[in-house]
Amino acid sequence: MLHITSKKNYKMKRVLMYSLTFFALVFGVTGQAQKKMLTISKQQLKDKIAGGWAGKMIGVTYGAPHEFRFQQKINTDTMKWVPADVKGSIWQDDLYVQLSFLMAMDKYGMDAPTVKFQEMLAKAGYPLWCANMQARKNYFDGIYPPMSGNPKYSYRADDIDFQIEADYIGFMNPGMIQNIINTSNKIGHIMNYGDGVYGGIFLGSLYSAAFFETDINKIIETGLSSIPAESDYSRIVRDVIKLHKQYPDNWKAAWKELDDKWGDVDISGAGSVFNIDAKLNGAYIVMGLLYGDGNDYQTLEITTRCGQDADCNPSNSMAVMGVMKGFSKLPAEMQKAVNEVGDSIFINTTYSFNSAVESTYDYAIRLIKKNGGAINGDLISMPVQAFKPAKYENSFPKVVFDKKVNAFSKEDWNYKGNWNVYKEKSWDKKTEKDQSMFSNSKGDELVFSFEGTGVSIMGNWFKDGGKADVYIDEKLDRTIDTYYDYSNQQHANISIWHAFQLKPGKHVVRIVVKGEKNVNSLNSNIYITEAIIYKTADKKSDTYKFLFEK
C-alpha cells in the first residue's frame, strides 16, 4: 500500500524553497536565484510553442478512438494511428475550447474580467460537457466566476476540463510559473475548483519548465511545486513517481496499484467505472511521461493504454514532449502531418495551427517584457520568477460514494401531487423505457430521505425544463432552473441539485415544483431520475486509511 508523508518539516522546507525551485531544477544549483537569468532564442521559443500545439493535435488524434473505451482496465487494443490522422484535430474540443479563451484575450485583453472568458465559453456555438457544461449553465443562471466553478454550484468541480484547456497558458509563459498560477486561478475557477484547478496549474507548469529543461523527472517536480503538497492531486502524482521507482520496467504493475488506490475516487462519476476526475487522468499523463522515457510513440501509447479520458491524456503528455523537444525535433512524419493542416481553421474558432503559434508567441513576448525580460537581437532573457504554490482548496473533503437510489423506488421517494412517468424512446424509436418521474404542476413536491453527509439529486436538463425550490432539512437552499437548450444540446440524468459537508446522520430533501419556467423554455417540467448518496470516510474505516491518512 502506498503512503505519502506530509510532515511539518517537509512542508516548511517547501515553503522556503518555492521561489528557488524552478531555478534549481533548470540550473542544478540552489543559491542566488534572483541574480540568474533564463535565456532562449526567438527561434527556439517559437519552435517550442509550435511543438506544444502540435503535440496537442497529435496526442488527441492518437487517443481519440480509445476515449473512455477502457475504464478501470488497461487498454489492450491495437494502436492504429497514422500521421495523416492529425487532420482530425481540427474538430477536437481539446483544441477549440481553449482557443475560445485565446480569442477572448484577443477581443478583451489579457487582463479582461473573468466573466468575459466565461461569457465567451457560454455563448460559443458548440456543445459542452462536464465542468464546462456546468459553467455554461451557471452563466445563464447568473452564477459567475469564481462561484461558477465552486462546488456549491458545480457538482463537477474536480472534473478534467480545465486540465485539458490550460495548455495555452503554459505555452505563453516560459519559465514564468507565478504567471501560470495567477492566470489559472482566474480562468480555472470559471469551471473548476481545487484539484480541478490544480490540474491546469500542474500542466501549465510542466510546459513552463519544459522550455528550459529536458529531464522529465525535474519537469514533473517543478509542476508539483506549483500546487499544494497537501492536495490529492499532489499526492497521486507522487504515488506515480514512487511506483515508477518501484516498478521501473513494468508500467502495468504500477497502473494496477494506482488504480486499486485511486480508481474509484470520482465524485461526478460515483458508482460507476467511469472516471473524469482531473487527478486520476493527470496521473496517467505523468505515468506516460515517466515510462515513455523520452520516446514520443512510447509516451503516446502508454498514456493512451492507461484508459479513461484516453484522448485528452495523450494530448497533454505529447504536448509536454513537444515543448521540451521543439517542433523541429519531433519525428519527421509528425511534423509533415501537422504542416499539411497548418492553415486549416479549428472549428468554432478563427485560429489555425500556424496562427495559434504566432499569436501564442506574440503573447509570450509581451508577457516576458512585462515581467522584466529583455530582447537583444535574437536572444531573449528573463529573470527567474519567484513563485508560491496555489492556495489549498478541497472540493469534496473525504467524500466517498455510498449508494444510488432510483427515482421509481417508492420506499425512498414520497411524491405528492401529479407526478408522471417520462418514457424515453430508443434510438430507433421502436421501444421505450421508464426514464424519470416528472411534474409541471405548481405545488407538487417530492420528499427524499437519506442517511449520509452528501447527496446529488439527478434529473434532466431539457428544453422544457422548469423551476423548483429545493429544501434541505426544511431549510430553503435555493431555486433551481432545469431548462437547457444551448447549442442544440440537452442533458439527461444529470445533477440538478446537490449538497455536501452535511452533518452525519439522517437528512431530508424536499423539492417543490414552482410551475414557472425560463422565458425560453417550452414548459415547466421537473424531471427526477435518481439520487446519489455520499458519506464521509471516518478515521476507523479502511477507506480513510487507504486514501486519506497522511
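No value in this document is a laboratory result; all are computed from the given coordinates. On a predicted model such as this, the values are computed, not experimentally measured, just so you know. Virtual Cβ from ideal backbone geometry, glycine too; neighbours counted across all protein chains shown.
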Extension gain residue 520-residue 374, at 0.36 nm per residue separation less the Cα-Cα distance, in nm? 47.3 nm
The correct pair for region 161-233, radius of gyration to one decimal and Dmax as a whole number, both in Å and from Cα atoms, is 11.0, 33
Please name whichever of 527, 413, 426 sits farthest to the positive end of the charge dipole of region 401-534, dipole taken about the Cα centre and charges placed at Cβ: Lys and Arg +1, Asp and Glu -1. 426
In a shell of Cβ-Cβ distance under 14 Å around residue 42, excluding residue 42 itself, what net charge do Lys and Arg (+1) and Asp and Glu (-1) give? 0
What Kirkwood hydrodynamic radius do you get for region 401-534 when you take the inverse of the mean 1/r over all pairs of distinct Cα atoms, in Å? 15.0 Å
Which of the GluC sites (Glu not before Pro) found in region 389-424 are loop residues per DSSP with 10 or fewer other Cβ atoms within 10 Å of their Cβ? 411
With labels modelled as points extended 7 Å from the Cα through the Cβ direction, what inter-label distance (nm, one decimal) is found for residue 106 paired with residue 388? 3.6 nm
Computed lengthening from residue 432 to residue 416, 0.36 nm per intervening residue step minus Cα-Cα distance: 3.2 nm
Calculated from DSSP H runs of 4 or more alone, at -39500 (n - 2.57) each and per residue, what is the 222 nm mean residue ellipticity of the chain, nearest 500? -12500 deg cm²/dmol
Which peptide among 337-343, 265-271 comes first, and what is the full order, when sorted by highest mean count of other Cβ atoms within 10 Å? 265-271, 337-343
Of the convex hull drawn through the C-alpha atoms of the chain, the volume per residue in Å³ is 153 Å³
Subtracting the Cα-Cα distance from 0.36 nm times the residue separation, let me have the gained length for residue 260 to residue 293 in nm, one decimal. 9.5 nm
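If you filter region 229-303 for chymotrypsin sites (Phe, Trp or Tyr not before Pro), then keep DSSP loop positions with at most 16 other Cβ within 10 Å, what is left? Spell out each step's value before the answer.
Values: sites: 233, 251, 255, 262, 274, 284, 291, 297; in loops: 274.
Passing both the DSSP loop test and the Cβ count: 274.
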Inter-label distance for residue 339 and residue 492, nm, one decimal - labels placed 7 Å from Cα along Cα-to-Cβ: 4.8 nm
Over 17 Å [Cα-Cα, region 86-199], rounded percent: 50 percent
